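Everything below concerns the one structure shown next.
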Amino acid sequence: MFHKSAFTCEFFHNLKKNWFHLIAVLAVFLVSSGVSSCGKESSQPQIPDVPVSFVINPNSTEYLNLNYIGGWEYVTGGYDGILITRTTLNDFVAFERACPYDFNKEGARIVVDTSMITCYCPVCMTKYIMVDGTPYEGPGRYPLKQYQAVYDGSLLYVSN
């Protein structure tokens, strides 16, 4: 025969332990759902996706400014045009010209600064680094939308 007080003590100990586990699981759930909802609220504005798939010869006279490192060209395509920059002898980047901060406003189209190292939106005045599209000045918090740019040594393939 077992003692009633020992049973009661063990019962409450297990109940307390299980209650602690339940509270811990609920706390983890609430924290993780709070983190994911914060991520959704601060997600990047969605510039409308349009199909992008074209090939250019960046070494041709048609794209003379892409013949050298640091050179850039505006090309047709994307939502509001594409800015292509040659970052090294064999690497290029291609960015959407629609400003991520206010892409739906008239004139919010990325243009290259006179320094040819940065670009900016003439509407919101956010400035971006042309090598990676990172904003560094102004109200914009999100980088420029980037397209894939693959160079095979003679042709540049730009796509999304």
- Give the residue, chosen from V55, V75, V112, V93, that is of a type outside the set (F, W, Y), touching a strand residue (DSSP E or B) at 6+ places or on another chain (Cβ under 7 Å), over 20 Å from M130 (Cβ atoms) and at pLDDT 95 or above. V55
- Note on the structure: By residue number, the members of segment 107-160 that are of a type in the set (S, T, N, Q) and in a strand (DSSP E or B) are T118, Q146, Q148, S159
- Message: Please determine whether any residue of segment 94-104 is crowded, with 16+ Cβ neighbours inside 10 Å, within 17 Å of I47 (Cβ to Cβ), of a type in the set (A, V, I, L, M) and over 19 Å from the mean Cα position of the chain (by Cα).
- Response: no
- Residues satisfying the stated conditions in segment 60-86, i.e. on the phi < 0 side of the Ramachandran plot, loosely packed, with under 15 Cβ neighbours inside 10 Å and part of a loop (DSSP other than H, G, I, E, B): S60, Y68, I69, T76
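The values are calculated or read from the model by the stated rules, or taken from the named source; none is laboratory data. Only a predicted model underlies this, so the values are computations on that prediction, with no experimental measurement involved. Here Cβ is always computed from backbone atoms with ideal geometry, including for glycine, and neighbour counts include all displayed protein chains.
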